[in-house]
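Quick notes on the structure that follows.
Bear in mind that the values in this text are calculations on the coordinates, not laboratory data. A quick note: this is a predicted structure, and the numbers were derived from the prediction, not measured. Glycine gets a Cβ as well: all are built from the backbone with ideal geometry, and neighbour counts include every protein chain shown.
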Amino acid sequence: MFNIAVVLLVITAGVAYINHRFVRLPTAIGVMVIALVGSLVLALLNGMGFSGLHDYETSLLASIDFPEVVLKGMLSVLLFAAALGVDFSDLHAYRWHVTALAVLGTIASTLLIGGAVWLALGWAGLSLSLPYCLIFGALISPTDPVAVAGIIRSAGAPRSMDVVISGESLFNDGIGVVLFAMLLGMIADGGVPDWGHGAMLLAREAGGGLIYGLILGWITYRILRTIDNYQVEILITLAAVLGGYALARELEVSGPLAMVVAGLVVGEHGREFGMSELTRKHHDEFWELLDWMLNSVLFVLIGLEFAAVTFSLQVLLVSAGMIVVALLARLLCAGAPMAVLSRYFNMPRGAWQVLTWGGLRGAISIALALSLPSGPSRDLILSMTYYIVVFSILVQGLSIGKVVRWATRKEVEEGAVPREGVDL
């Protein structure tokens, strides 16, 4: 395992250097593009008879348990780090927007995408049962906080948009994971979806995760108040994240939601009242660096995972259709409600456009797809998921800045929103 980590770190460092020195794309997008192009080149060389490097890449990916690395390793740290950067008072001001989008929007999107995929695949002559279609809807509906946070902020979105989109991505991730686990458990039991039981399970895991995260964050904050040593305090927050996430799994509550809430509590109270100015500076620098490093490794892995995706023209065409379906579901479940209610929610008139196009998917969706039992259903879901994620990050991620400027142009002209993007 140590050798694998070293290889990944070396690859990530080299790719990050190439991106910074020559390509100059945003780091997350740039490293993924370079890794993806590298995988394509190795696949072409393999087709020409030069299989050595391609075989090494394949063996490297086979030795990495992507779901384990992402869902039980990186996810806790990335969610906590992302939550630290969210202003709690701003999030509280838009709490109903975030709650509605994260809970109701994710559930509605899961049902819409699941039903549309079931109909579309039947028309295309591909077989996938309705429960697996719903599973695909559950894993592709949540927006990925790892992909969203940095890209949306770098696009210069107004603060209200930033808070709503970032807050939604933090919480709908946990909701999506719970829905995924619930549906997968029903398939494993050989039953059909029992929506009453599902609602109780969702309430237990999601509600339990929120309460547990609040307790974990409060205990961490109280401990931080008793000392003033930045090395020890940073170690305490790291232990709280990794140990707290492991305990959440034992308690059968949502670890992702727990880490989000704990991050919000530590970010709001721990940094303000439990840390000195020196500690706060070192603490923020540590988590910012750790977040950047893990993000880079994660997006390199996404690029390399191309080697694990089954390619066929039929699946590629179906995946293109699923990209449209996912965008339409995002429009119906997030964009349309915001367009109708934006004046009541104190949001820019073009917020629905940013909310629709800014719903990026990322590594969590791929990790969930890879965690499915082996078989044709998994292969089909993985291929569709991978193509949607790549489209989301490359096309939506690279163009979201233009969408933000277009959506807020009237407010900018009227002076309601400065060009650099602040709250209305």
Using only the alpha carbons, work out the radius of gyration and Dmax of the stretch 17-75 in angstrom.
14.0, 38
Ranked T408, T58, T12, criterion: other C-beta atoms within 10 Å, fewest first:
T58, T12, T408
How long is the gain from D87 to V324 if the chain were fully straight, where each residue apart is worth 0.36 nm and the alpha carbon distance is subtracted?
82.0 nm
Exposed-site-free run, longest, the chain (rule: trypsin sites (Lys or Arg not before Pro); DSSP loop; at most 11 other C-beta within 10 Å)
25-342
Sort S254, S312 so the one with the fewest other Cβ atoms within 10 Å of its own Cβ comes first.
S312, S254
Would you kindly derive the ³J(HN,Hα) couplings of the stretch 313-320 from the backbone phi angles with the Karplus curve 6.51 cos²θ - 1.76 cosθ + 1.60 (θ = phi - 60°), listing them in order in whole Hz, with x for Gly and Pro?
4, 4, 5, 4, 5, 5, 5, 4
Would the stretch 266-424 count as rounded, prolate or oblate if I go by the C-alpha gyration tensor, calling it rounded below 1.5 in a/c and otherwise prolate when a/b exceeds b/c, oblate otherwise?
oblate
From Cα coordinates alone, what are the radius of gyration and Dmax values for the stretch 21-139 in angstrom?
20.4, 59
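Work out, in µm²/s and without decimals, the Stokes-Einstein translational diffusion coefficient of the chain at 4 °C, 1.567 mPa s, Rh from Kirkwood over C-alpha pairs.
On the way: Rh = 22.0 Å.
Approximately 59 µm²/s, per Stokes-Einstein.
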Could you list V70, V395 in order of exposure, starting from the residue whose Cβ has the fewest other Cβ atoms within 10 Å?
V395, V70
